[in-house]
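Student: First the structure, which I've put down as structure tokens, then a few questions once you've had a look.
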There are 2 protein chains.
Amino acid sequence: MKEESIEFIKSGGVTAPRGYLASGISCGIKPGKKSDLALVVSQHLADIAGVFTQNKVKAAPVIVSMQRVKKGKARAVVVNSGNANACTGSRGIEDAEKMATVTASFLGCSPDEVCVCSTGRIGVYLPMKKIIRGIEKACKQLNVEGGKDAAEAIMTTDTVPKQAALKVKIEDKEIIIGGMAKGAGMIAPNLATTLGIITTDAALSPEYLNSVLHSCVQETFNRISIDGDTSTNDTILVFSNGLAKNTTIGMDSPQKGIFKNALRLVLDRLAREVLEDGEGVTKVVEIFVQGAASDKEAELVARSIGNSLLVKCSWNGEDPNWGRILCAIGYSGANVDQNKIDLFYNGFQVVASGVRTETKESLIKKTVKMPMFSLLIDLHIGSGQYRFFTTDISERYVRINKGE
Amino acid sequence: MKEESIEFIKSGGVTAPRGYLASGISCGIKPGKKSDLALVVSQHLADIAGVFTQNKVKAAPVIVSMQRVKKGKARAVVVNSGNANACTGSRGIEDAEKMATVTASFLGCSPDEVCVCSTGRIGVYLPMKKIIRGIEKACKQLNVEGGKDAAEAIMTTDTVPKQAALKVKIEDKEIIIGGMAKGAGMIAPNLATTLGIITTDAALSPEYLNSVLHSCVQETFNRISIDGDTSTNDTILVFSNGLAKNTTIGMDSPQKGIFKNALRLVLDRLAREVLEDGEGVTKVVEIFVQGAASDKEAELVARSIGNSLLVKCSWNGEDPNWGRILCAIGYSGANVDQNKIDLFYNGFQVVASGVRTETKESLIKKTVKMPMFSLLIDLHIGSGQYRFFTTDISERYVRINKGE
């Protein structure tokens, strides 16, 4: 895996790879929003894979897109913001199917080949007249530079569109991967809808496409939220159309490491952008736990700290309240000996064997004033470890989430 | 169980039962606080029982008091606020033992007979000189009407002292139960320290005392916080000195139902006071889940809703956001069919079989404007049920918890 062969494409998104068109338009779902409907189209029938919410209450578009992913082939995805089409019963399913049918009729493909995503308020029926008119408009505006418009149209309380794209040489072929995402209410312990649409012109076996997406999501988007605390609508889709004409990468290809690394980098960048643009976020914190009885126990500790409301409040106040962190470690459910715990902020040791060190308070305070810092916990019990990313929580988060 | 035989004692607290003295004084742990050290003393050696934090990181006073409770006998409990004496290593244990020894020397009893509680900032050593002088002062001020002073001294960010007391006739004897508590950061998913000290003049067998305390705490204090999300210092202690001279109530006494009901009422009142006085709380919400596959699954659903940050934010904004509630039900981990869920706010059905009913939005909005309302969820899967109490979350909560 030579990192040198990877080159990020500035301002690139879903239309960076060969053979993809996109658009983003306004159809008036949520008044005052610049745009609220996005379309991403592969000019050739593409292989697809997807990762969906684990929530047992699944929105209609999730149910519909899961069927498409099961078949493994698609031409397009249509996405609306402003309305989640969740908890809308059989009418919701009909509406999501209608979005696919209308899109397919304009593109001249089968409705089975169109995925659907929605994000926004739960429990309200879609304004289908507006959406149908919107899909027509979006189809007319499809173009090879439409990635950014699409990325803008899927935003909800996001403040900036989130895109990433890169080129990677595999043998003598240049492969491109692009993507867009939305997040916003990404602050644990509740995850507002995360959407991610990834496109690539690489040729990949369907089995490998599915496998590599799952493992990359596990290492990126799943490290910035709580297991199970997913919204009704979370969806990450990847399209691969093979136009780069590389030798197809399969489960046993020597090239699969290079591709995986590239895909992980795109997802990682999108996940970081989502985190940094979280509602009311002022700090991004990397938590690394080591010395746990197992990796699973390290994860319990990392998530317990990263989701502690009291810890997150203290970071917002730029207070390195390590006492609250030890408390969160204690109730994490992991095997812990309070007299063995070490804790470091950006390399400064604050706690040694469970008690405060002599490290100057002013040094630690300086650390938590930064917009990004790291927290290292060593439990000194075993060799389990886990890395997790979280944020502070602010009064602004509460303000944003008080109403709609 | 005749409820008629129970009579609440207005403004009564830990000194309401026969044979108890208390005091609350200032020793200057936290500058500007009116008082910060409380003492409760039984004039006769009492039987004791206790419920302690499940957190694996336990404060020194918890470790010390657990030893006293194991022996089952005590004369007093000394409590300080402003400093949790947690994560203070062996010096913390020595300090907690010293608090017991100093108290015992003034009371003329064994240090083994003195319990210790602390609440406040984690990870700072106790100012022992001030505390020793404070204990002397508190011992001098012990009196039969000191309950309220003690209840005030244990407050941290509480805005009102929390006390309850009642009389209950058992056979021809009048038994009195009194209590005090502190809470404040009681808003899940993180529980700041809860302390509760209960006194009674009832004669109870040690075995029954322990059993009835555990079952009553389970039905009261444990219904307003998350399992395991307990602080490093949570402690609930009960003293029973037998001065009411009733026939000792044991595990098989016919009278045990009456006593349990009375103790439960005292704990319930204290728990409610703690909830209503939670940091920044504007709403108290009762969640009742029925129709779950088991009681345990009903509990999962109730806690998932009651601890959802997004749900709590919406209540703060007086928005009956049932979509977020369905989302929290979906990720609770319980067995759920989204097409069967019914949801009622104060009896108004908002969701039937997973979709919105025709109930007027204005009626539901009026409900969530109230300072207290109830939420009923029916999963229509089995017969499991669970009741849970929670609150909204406000910008003020974040503000309070930003710094110390």
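Student: So which residues in the range A:360-393 are touching a Gly at 6+ places or on another chain (Cβ under 6 Å), open to solvent by 10 Å² or more (accessible area, probe 1.4 Å) and either in a strand (DSSP E or B) or facing chain B (nearest Cβ under 8 Å) (or both)?
Tutor: Scanning the range A:360-393 gives a single hit, A:D378.
Student: Looking only at the range B:204-222, count every residue that is among the aliphatic types (A, V, I, L, M) and at pLDDT below 95 and tell me the total.
Tutor: 1
Student: Now for a separate question. May I ask you to list the residues in the range B:223-244 that are surrounded by fewer than 20 Cβ atoms within 10 Å (Cβ to Cβ) and either at pLDDT below 95 or closer than 25 Å to B:R121 by Cβ (or both)?
Tutor: Passing the criteria: B:I226, B:D227, B:G228.
Student: So A:R121 fits all but one of (1) more than 27 Å from A:K260 (Cα to Cα); (2) open to solvent by less than 30 Å² (accessible area, probe 1.4 Å); (3) at pLDDT below 95; what number is the exception?
Tutor: Here A:R121 clears every test but (2).
Student: Now a separate question. Just the residues that are without any contact (Cβ under 8 Å) to a residue 40 or more places away in the chain and away from every other protein chain (no Cβ under 14 Å), please, taken from the range A:123-136.
Tutor: A:M128, A:K129, A:I132, A:E136
Student: Give A:A38, A:A49 a once-over and let me know the one that is part of a strand (DSSP E or B), of a type in the set (A, V, I, L, M), at pLDDT 95 or above and within 18 Å of A:K182 (Cα to Cα).
Tutor: Within the list A:A38, A:A49, the selection yields A:A38.
Student: If you scan the range B:10-34, which residues turn out to be farther than 21 Å from B:A104 by Cα and small (G, A, S)?
Tutor: Scanning the range B:10-34 gives B:S11, B:G12, B:G13, B:A16, B:G28, B:G32.
Student: Could I ask something else about it? I want to confirm something. Restricting to the range A:83-111 and keeping residues that are open to solvent by less than 20 Å² (accessible area, probe 1.4 Å) and polar (S, T, N, Q), which single residue is farthest from the other protein chains (Cβ to nearest Cβ)?
Tutor: This residue is A:T103.
Student: Looking at A:G120 and the list (1) in a loop (DSSP other than H, G, I, E, B); (2) within 14 Å of chain B (Cβ to nearest Cβ); (3) more than 15 Å from the chain's Cα centre (by Cα), which single condition is not satisfied?
Tutor: (1)
Student: Which of the residues that make up the range B:336-354 are open to solvent by 60 Å² or more (accessible area, probe 1.4 Å) and at the interface with chain A (Cβ under 8 Å from one of its Cβ atoms)?
Tutor: Correct list: B:N339, B:S353.
Student: Still on this structure: Does A:V114 count as under 23 Å from the mean Cα position of the chain (by Cα) and either closer than 15 Å to A:V40 by Cβ or not basic (K, R) (or both)?
Tutor: The answer is yes for A:V114.
Student: Of all residues in the range A:291-316 being among the polar types (S, T, N, Q) and under 14 Å from A:I329 (Cα atoms), which is farthest from the other protein chains (Cβ to nearest Cβ)?
Tutor: A:S304
Student: Among the residues that make up the range A:125-142, is at least one of them touching a strand residue (DSSP E or B) at 6+ places or on another chain (Cβ under 7 Å), within 30 Å of A:I258 (Cβ to Cβ) and of a type outside the set (S, T, N, Q)?
Tutor: no
Student: Which condition number does A:R269 fail, the rest of (1) open to solvent by 10 Å² or more (accessible area, probe 1.4 Å); (2) within 30 Å of A:A16 (Cα to Cα); (3) not in a helix (DSSP H, G or I) being met?
Tutor: (3)
Student: Hey, another quick one. Taking only the range B:140-154 into account, find how many residues are outside any strand (DSSP E or B) and among the polar types (S, T, N, Q).
Tutor: Result for the range B:140-154: 1.
Student: Could you check, for the range B:124-144, whether at least one of its residues is within 22 Å of the chain's Cα centre (by Cα) and either outside the structural domain of B:A164 (by TED's automatic domain parsing) or under 20 Å from B:I29 (Cβ atoms) (or both)?
Tutor: no
Student: Continuing with the same structure: Give the residue, chosen from B:K137, B:K130, that is open to solvent by 40 Å² or more (accessible area, probe 1.4 Å), part of a helix (DSSP H, G or I) and in contact with a Ser or Thr (Cβ under 9 Å, 6 or more places away or on another chain).
Tutor: Exactly one residue qualifies, and that residue is B:K137.
Student: Inspect the range A:155-172 for any residue being closer than 18 Å to A:V64 by Cα, open to solvent by less than 30 Å² (accessible area, probe 1.4 Å) and either of a type in the set (K, R) or in a helix (DSSP H, G or I) (or both) and give the result as yes or no.
Tutor: No: the range A:155-172 contains no residue that is closer than 18 Å to A:V64 by Cα, open to solvent by less than 30 Å² (accessible area, probe 1.4 Å) and either of a type in the set (K, R) or in a helix (DSSP H, G or I) (or both).
Student: Follow-up question, since we're still on this one. List the number of the failed condition for B:G323; all other conditions in (1) at the interface with another protein chain (Cβ under 8 Å from one of its Cβ atoms); (2) open to solvent by 10 Å² or more (accessible area, probe 1.4 Å) hold.
Tutor: Single failed check for B:G323: (2).
Student: May I pose another question? Out of contact with any Phe, Trp or Tyr (no Cβ under 7 Å at 6 or more places or on another chain), open to solvent by 20 Å² or more (accessible area, probe 1.4 Å) and outside the structural domain of B:Q385 (by TED's automatic domain parsing): which single residue out of B:T357, B:T247 fits that description?
Tutor: Unique residue meeting the criteria: B:T247.
Student: Restricting to the range A:64-84, what's the tally of residues that are under 24 Å from A:Q141 (Cβ atoms) and modelled with pLDDT of 95 or more?
Tutor: 10
Student: Sticking with this structure for a sec: From A:V69, A:V62, A:V57, A:V114, which residue is open to solvent by less than 10 Å² (accessible area, probe 1.4 Å), over 28 Å from B:E361 (Cα atoms) and touching a residue at least 40 places away in the same chain (Cβ under 8 Å)?
Tutor: A:V114
Student: Looking at the range A:142-154, which of its residues are open to solvent by 60 Å² or more (accessible area, probe 1.4 Å) and either hydrophobic (A, V, I, L, M, F, W, C) or within 17 Å of A:G19 (Cβ to Cβ) (or both)?
Tutor: A:V144, A:E145
The values are calculated or read from the model by the stated rules, or taken from the named source; none is laboratory data. Treat the numbers as computed from the prediction; the structure is a model and nothing was measured. Using ideal geometry, Cβ is built from the backbone for each residue, glycine included, and neighbour counts are taken over all protein chains shown. For accessibility, only protein heavy atoms count, side chains too; no ligands or nucleic acids. Shrake-Rupley method; radii C 1.70, N 1.55, O 1.52, S 1.80 Å.
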